[in-house]
Amino acid sequence: MAVILVIDDERAIRNSLKDILEFESHTVILAANGKEGFEALQKNKVDMVFSDIKMPEMDGLEFLKLAFAERGDVPCIMISGHGTIDVAVEAIKLGAFDFIEKPLDLNRVLITVKNALDKSVLVNETTHLKKKISSKYEMIGESEPMVHIKDMIYKIAPTDARVLITGPNGSGKELVARAIHEQSARAKAPFIEVNCAAIPSELIESELFGHEKGAFTSAIKQRIGKFEQAQGGTIFLDEIGDMSLSAQAKVLRVLQEQKISRVGSDKDISVDVRVLAATNKNVQEEIQEKNFREDLYHRISVILIEVPPLAERKDDIPVLVEHFLTTVCKEMGIAKKSCNAVAVKYLQTLPWTGNIRELRNVIERLIILAGSEITEKDVKAYT
């Protein structure tokens, strides 16, 4: 059950709320004014707050400002016997979860408590999932090439410059794109990834720009495309070198005009999207062979980042091995295994044509098939 802080200068109101909330098995902390309440908030792990507005020393709105700065994750419900629309609006603007007028209605109080705690659970779960996702896409490595890439990301992330990321399959191009997004001003907006190689050429335009109902035989309802889904955020066009020339022409128009039109519609829709792209192909060769538009290349390559293959940054292998041992064992729900120094040294001698993706697969295989300590013999047997 929750720990709830009740702040009110009227003893009867404090005790009344205490009785109601304790009957529902919550733990209640009492305070007679905003100053006492803020001190209690700082000293205790509070899950939610009920606060009166008109109080001596520090009123409820002053408390709310401090509380929001100190613990923005704690829902605050404001209560007042002098309730007006203006006061309620001011409280909500300052971050209050809800506003309840006195005399307090039992059912309203209990429903508000339930809604506030449900919201807190959702916020905590979302925060946890974001941290989990961020760790999944963490860039691991301190070799010279990785330091250079991280330095470039640090410089370009705050801008809206378009970036083309090149490198072989499995080298971590998506990680670079996500790092740019996470360090940008668009970090709280969507990051939408499109694998251009995985979508048939006849469907890529519908995927990117959406379509209207009836635009083609299977268009049974309106579809919002990836560019619209990424509004205010970042769209990552992975394997853009495999995109059809007709789709390339439409992407070029979006970059030039910041507008899209759904398939089957002549209406323009304005979009505010940062475009990142990646490919494992030699773009200059693709341009020479007329497979890729040169004007599109110049539009998407304001900044070029080349991600080297793992074979060119083998100094990162020990730290990558340790990272994968930790994450894979955690995913499997087993005690963490170790890899002895000789085994790690041997792993550094391998060619790694599949790059980081191949290394992770090998570590997962070794975790499953080897003992608690992975040895050189294990590596030679299972690679």
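Every number in this text was worked out from the coordinates using simple rules, so none of it is lab data. As the structure is a computational prediction, the values presented were derived from the model and not from experiment. A quick note on method: Cβ atoms are made from the backbone with ideal geometry, for glycine too, and the neighbour counts reach across all protein chains shown.
Residue pairs whose Cβ atoms lie under 9 Å apart, sitting 6 or more positions apart in sequence or on different chains, and linking a residue in the stretch 311-328 that is closer than 22 Å to residue 368 by Cβ to a partner that is aromatic (Phe, Trp, Tyr) and surrounded by 15 or more Cβ atoms within 10 Å (Cβ to Cβ), are 317/352. Taking (1) in contact with a Gly (Cβ under 7 Å, 6 or more places away or on another chain); (2) within 17 Å of residue 197 (Cβ to Cβ) in turn, residue 291 satisfies each apart from (1).
Of all the criteria given as (1) surrounded by 19 or more Cβ atoms within 10 Å (Cβ to Cβ); (2) not hydrophobic (A, V, I, L, M, F, W, C); (3) not in a helix (DSSP H, G or I), the one not satisfied by residue 82 is (1). Assess whether residue 17 counts as being outside any strand (DSSP E or B), in contact with a strand residue (DSSP E or B) (Cβ under 7 Å, 6 or more places away or on another chain), without any contact (Cβ under 8 Å) to a residue 60 or more places away in the chain and not polar (S, T, N, Q). Considered against the rule, which asks whether it is outside any strand (DSSP E or B), in contact with a strand residue (DSSP E or B) (Cβ under 7 Å, 6 or more places away or on another chain), without any contact (Cβ under 8 Å) to a residue 60 or more places away in the chain and not polar (S, T, N, Q), residue 17 comes out as no.
Among residues that are over 20 Å from residue 271 (Cα atoms) and free of Cβ contacts under 8 Å to residues at least 12 places away in the same chain, residue 244 is not included. Cβ-Cβ distances below 6 Å connect the following pairs, each with a first residue in the stretch 284-299 that is under 18 Å from residue 161 (Cβ atoms), a second residue that is of a type in the set (S, T, N, Q), and a separation of six or more residues or different chains: 296/248. Answer yes or no: is there a residue in the stretch 364-374 that is in a helix (DSSP H, G or I), touching a Ser or Thr at 6+ places or on another chain (Cβ under 6 Å) and over 21 Å from residue 139 (Cα atoms). Looking for residues that are in a helix (DSSP H, G or I), touching a Ser or Thr at 6+ places or on another chain (Cβ under 6 Å) and over 21 Å from residue 139 (Cα atoms), one finds none in the stretch 364-374, hence no. Would you call residue 284 closer than 21 Å to residue 169 by Cα, out of contact with any Ser or Thr (no Cβ under 8 Å at 6 or more places or on another chain) and surrounded by fewer than 17 Cβ atoms within 10 Å (Cβ to Cβ)? Yes.
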